[in-house]
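To start, the structure under review is shown below, and the notes come after it.
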Amino acid sequence: MNTTLARLDKGKTAVIKEMNLDNNIKRRLMALGLLPSSFLKVLRIAPFKGAILIDVGGCPLAISHDLAEKILVEELE
Amino acid sequence: MKEVRIGLIGIPNSGKSTIFNKLTETYQIVGNWPGKTVETVERAVKFNDKHFILIDFPGTQTLTPTSMEEEIAREYMIENKPNVIIQVASAIDLERSIYLSLELMELGIPIIIALNQFDEAIKQGFEINVEKLSKVLGVPVIPTVAMKGEGIDKLVEKALDLAHSKPKGNIITYEDIMPQINNIMSIIKEFLPDRYPLEWFALKLLEEDPWVTRKITELDTEKRLGDILEKEKDYVKKSTNMHPSLLLVNNRRSVAEKITNEVRKIKPVSKSKFIETLDLLSISSFGYLLLIVVMTTVFVLTFGVGLLFRDTIQLIFFALSSQFVFVITDPLLNAILSGVQLSLLVGLSFIIPVVFLFHFFFSLLDDSGYLPRAAFLIDKAMRKIGLNGKAFIPLLLGYGCSVPACVTCRILEGDKPRFVTALMITLIPCASRMIIIYGLIAIYIGIITALAIYLFNLFVVLLIGMVVGRSVNLNCESTGLIMVLPPYRVPLIKNALRKTWARAKDFVYIAIPIIIAGTVFLKILEILGIMEHLNLLFDPLFLGLFGLPGYVLSFLLFGAIRKEFALVFLVTTLNGNPLFYLSPNQIIIFTLITLFYIPCVATTVTLIKELRLRKTLIIIGINLLTAIIVGSVAHIIFLFS
Ligand SMILES: Nc1nc2c(ncn2[C@@H]2O[C@H](COP(=O)(O)OP(=O)(O)OP(=O)(O)O)[C@@H](O)[C@H]2O)c(=O)[nH]1
Ligand SMILES: [Mg+2]
């Protein structure tokens, strides 16, 4: 199912499809392991739709909700 | 022969400064959050009879900077090239470390990898095949545990051996676009000085790195590159369907991932239940409560234990000083002696306990890994102001001292976020202002009022952050939080004590001597009757605005040098007990004014260095205005209540 990273529930895994962000941010996220076709797992979501903690590449990464909204993913069962 | 220069380079929080401290016997701040070191530091080291120079770098996630401390690190690497790089890799963040290795190899400097935090990798169930990693990358890899010094000897020996060897060179081949890279290389080769890494410059040009592009434009005086770069980039875009910068990142990324999977096995391990629960709690909705509890505990402990200390210290002090009773008739000498005595008493009973206790408790917190979690939790609220969660870290540091906190703003992306955060930091009560809150409010009015003052201050800081953030259009420039979260670590008392001393020693070496001199000076002014003139001059203004006597101006002036002076000289001038001269309401108004009125000299100098004069003046203006508004509003409220 296609959705955004921001809408994934805690504990869900997904694969990244597309990132609608400007090149600088995209480059940084890619270097950190977040790029189309990589797998991720949502570890935690800060309260009130806050920042999201994801597991990617074996070490947790925190990203803001508004960035996560621009990352399209396919949720895996 | 020139001494070998060895650079410690690695992703944030990998343990560079821990290794640096071990080898140099100096102290660079170590803690458990990314972004502590924000400046390069070089020190001469003598190690097993060998001399060399060691350089501690700020952490760099990649060699394409997104924040200032990364820019500083990267520029230093290129302009003041070390002879050897010790890449301090993190064994618990292997993939990102290898990504950086791949980038560092493009620099053409011999590299050795310290696979640090190896103990934690084992605990987390990561089995890393070190030999294989070394073979795949083609560089020596030494597993290390920096705090315990494990592997450091071997690391340094190997690094020194490497100093005069040839660098291994790039292991990635950017096959699809090699002709383009070669073409650019052949052109820039004609004007690029030898000391710069040729291939790296070509790659960074394709990546559209602003600093490299600027550098090349400067060097390319005959405009040889012309529009060739654009053509090559267009070609890459067309043929690969990807922007060249993303293409390069993608290539390195997939190599890093492949290598990681080859050398690392993950075994399931049972994690500590306590840490797991703590981790869960600290970033759930319960976390907000925890944040309040944690910060309140730090303040209450500091004030509470400080009060205990104060009584004991005063008892000892009076017992001692009653042993030395002199009858002195000369008024000048008398002024000097009583000034020295009084200021020593104040120094020992007000300043030392509070400052040391606060920094000690805060150091424990900062070593535990709580700060980045607080940043994660608060990100949403900070996004509302237009900042991101990372800005919360320098703000928290501001409760210790504004100077390093303002410097730490370098970890934020963009000039506007740095400006707004620095402004907020200047308004946050640092340890010096904590001494004022303690010395006037906690002692004479009560700890609850002291806490209320912190809360009120926080409200004002957020309000100003929001208003100023809106008016400079912070949102347009600010990016969201992107931060690697380190694991919780058990803080070591020894490390915390060392950090406490590093952060608090200025109060002993700098503040106390000035306090003694200043008190004597004020006593002399008093004898000469100059104080009264000053008072008469400023009484109308201060009484009218704040309901305070004019003489407080002289304390505020001293407070501009170091904030705690405002309290110290108030107490020493009023002979120990301000309550004889000022009402509780006046004390509260005075304290509120000291919180906001002006950044101290050291902070001002730092602000000018970090943000330039214009922004510093704006910050000073906002500080003054805030103090006047807060002070006079409080005065009015007290008048009518
Ligand atoms: N368990 C363990 N912890 C380590 C090791 N080396 C460093 N640490 C901890 O890792 C954290 C970061 O260490 P620093 O030396 O400050 O890291 P740094 O690379 O200088 O960090 P930045 O300057 O922020 O980039 C601290 O909490 C250290 O105590 C290690 O080998 N094992
Ligand atoms: Mg460091």
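The values are calculated or read from the model by the stated rules, or taken from the named source; none is laboratory data. Just so you know, these numbers come straight off a predicted model, no measurement behind them. Don't worry about glycine lacking a Cβ; one is built from the backbone with ideal geometry, like all the others, and counts go over all protein chains shown. Remember, those area values only see protein heavy atoms, side chains included, never the ligands or the DNA or RNA. Shrake-Rupley method; radii C 1.70, N 1.55, O 1.52, S 1.80 Å.
Restricting B:R373, B:R383, B:R410 to residues that are at the interface with another protein chain (Cβ under 10 Å from one of its Cβ atoms) and surrounded by fewer than 24 Cβ atoms within 10 Å (Cβ to Cβ) narrows the list to B:R383. For residues that are of a type in the set (S, T, N, Q) and open to solvent by less than 40 Å² (accessible area, probe 1.4 Å), scanning just segment A:33-66, find the one that is nearest to the other protein chains (Cβ to nearest Cβ). Taking the candidates together, the pick is A:S64. Determine whether A:V56 is in contact with a strand residue (DSSP E or B) (Cβ under 6 Å, 6 or more places away or on another chain), at pLDDT below 95 and within 26 Å of B:S90 (Cα to Cα). So A:V56 fits the description; yes.
Considering segment B:1-28, and only residues there that are more than 10 Å from ligand 1 (Cβ to nearest atom) and open to solvent by 30 Å² or more (accessible area, probe 1.4 Å), the residue that is modelled with the highest pLDDT turns out to be B:R5. Just checking, does segment B:272-280 include any residue being within 12 Å of chain A (Cβ to nearest Cβ), open to solvent by less than 50 Å² (accessible area, probe 1.4 Å) and at pLDDT 90 or above? Taking every residue of segment B:272-280 in turn, none turns out to be within 12 Å of chain A (Cβ to nearest Cβ), open to solvent by less than 50 Å² (accessible area, probe 1.4 Å) and at pLDDT 90 or above. Residues in segment B:342-355: is at least one within 22 Å of B:L474 (Cα to Cα) and surrounded by fewer than 23 Cβ atoms within 10 Å (Cβ to Cβ)? Looking for residues that are within 22 Å of B:L474 (Cα to Cα) and surrounded by fewer than 23 Cβ atoms within 10 Å (Cβ to Cβ), one finds none in segment B:342-355, hence no. For B:A91, the conditions (1) within 16 Å of ligand 2 (Cβ to nearest atom); (2) open to solvent by less than 10 Å² (accessible area, probe 1.4 Å) are fulfilled apart from (1). Mind counting the residues in segment B:550-581 that are open to solvent by less than 20 Å² (accessible area, probe 1.4 Å), in contact (Cβ under 8 Å) with a residue 24 or more places away in the chain and part of a loop (DSSP other than H, G, I, E, B)? So the count comes out to 0.
Candidates are the residues of segment A:16-32 that are open to solvent by less than 20 Å² (accessible area, probe 1.4 Å) and more than 9 Å from chain B (Cβ to nearest Cβ); the one that is nearest to B:E208 (Cα to Cα) is A:M19. Picking from B:K223, B:K273, which residue would you name as being out of contact with any strand residue (DSSP E or B) (no Cβ under 6 Å at 6 or more places or on another chain) and at positive phi? Being out of contact with any strand residue (DSSP E or B) (no Cβ under 6 Å at 6 or more places or on another chain) and at positive phi holds for just one of B:K223, B:K273, which is B:K223.
In this structure, is B:I98 within 14 Å of another protein chain (Cβ to nearest Cβ) and in a loop (DSSP other than H, G, I, E, B)? Criteria not met by B:I98.
Within segment B:46-62, does at least one residue satisfy the condition of being acidic (D, E) and open to solvent by 20 Å² or more (accessible area, probe 1.4 Å)? Yes - at least one qualifying residue is present in segment B:46-62. A residue that is surrounded by 23 or more Cβ atoms within 10 Å (Cβ to Cβ), within 16 Å of ligand 1 (Cβ to nearest atom) and among the aliphatic types (A, V, I, L, M) cannot be found anywhere in segment B:32-41. The number of residues in segment B:462-494 that are open to solvent by less than 80 Å² (accessible area, probe 1.4 Å), part of a helix (DSSP H, G or I) and either in contact with an Asp or Glu (Cβ under 6 Å, 6 or more places away or on another chain) or within 14 Å of chain A (Cβ to nearest Cβ) (or both) comes to 2. Residues in segment B:127-160 that are in contact (Cβ under 8 Å) with a residue 60 or more places away in the chain and either closer than 20 Å to B:V30 by Cα or crowded, with 23+ Cβ neighbours inside 10 Å (or both): B:L133, B:T144, B:A146, B:M147, B:G149, B:I152, B:L155, B:V156, B:A159.
In segment B:237-250, the residues that are within 12 Å of another protein chain (Cβ to nearest Cβ) reach residues that are open to solvent by 20 Å² or more (accessible area, probe 1.4 Å) and charged (D, E, K, R) with C-beta atoms within less than 6 angstrom, at least six apart or across chains, in these pairs: B:S245/A:R27; B:S245/B:E208; B:V249/A:R27. Here B:P65 clears all of (1) away from every other protein chain (no Cβ under 14 Å); (2) under 18 Å from B:P34 (Cβ atoms) except the condition numbered (1).
Among the residues of segment B:438-461, write down those that are surrounded by 17 or more Cβ atoms within 10 Å (Cβ to Cβ) and farther than 24 Å from B:P353 by Cβ. Selection gives B:V460, B:V461. Restricting segment B:533-549 to residues that are free of Cβ contacts under 8 Å to residues at least 12 places away in the same chain and of a type in the set (A, V, I, L, M, F, W, C), the residue that is least open to solvent (accessible area, probe 1.4 Å) is B:F542.
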